[in-house]
Amino acid sequence: MSSYSAPFPEDLIDLQQQLHQAQADFHTLATAPPWGADSAPVFTEEEVDQVEELWERIRELTMAVNEHPYWTATTGAGGGPVNNARRGLRVVRDPEADAGAA
């Protein structure tokens, strides 16, 4: 459990949740390819485009999360508070999504 408990800005939480979703979508598409007759993965042109678009989206969201102004304000010796905050952000969940899953 993280020792960091300050609330995160809503836009940063939204970016992180978008990143989680893009990673999940990428994983689903990349690890469950349709199989051809010779048991080799066969991707359609559309699927190749989707993988490329998702990978680009993951890169953009990663940069947006990492470069968010919030991290500049969360500084400390040895990076401890920032590292704890980053770990804390990774586990922030959407309360509405959690309620729907229950």
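A few comments on the model shown:
- Each residue, Ala73 and Leu29, gets one label point 7 Å from its Cα in the Cβ direction; the gap between the two is 3.5 nm.
- Solvent exposure of Arg59, expressed as accessible area, is near 100 Å², computed with a probe of 1.4 Å over the protein chains only.
- Largest-first ordering by accessible area, 1.4 Å probe, given options Val91, Val51, Val42, Val65: Val91, Val42, Val51, Val65
- With all protein chains in place and ligands, DNA and RNA left out, the 1.4 Å accessible area ranks Thr28, Thr62 as Thr28, Thr62, largest first.
- Once all protein chains are placed together, Glu45 keeps about 150 Å² accessible to a 1.4 angstrom probe.
- Counting only protein heavy atoms and using a 1.4 Å probe, the accessible area of His27 comes to about 110 Å².
The values are calculated or read from the model by the stated rules, or taken from the named source; none is laboratory data. All values derive from a computational prediction rather than experimental measurement. Positions of Cβ are backbone-derived with ideal geometry, glycine not excepted, and every protein chain shown enters the neighbour counts. Please note that ligands, DNA and RNA were not included when accessible areas were found on the heavy atoms of the full protein model with its side chains. Shrake-Rupley method; radii C 1.70, N 1.55, O 1.52, S 1.80 Å.
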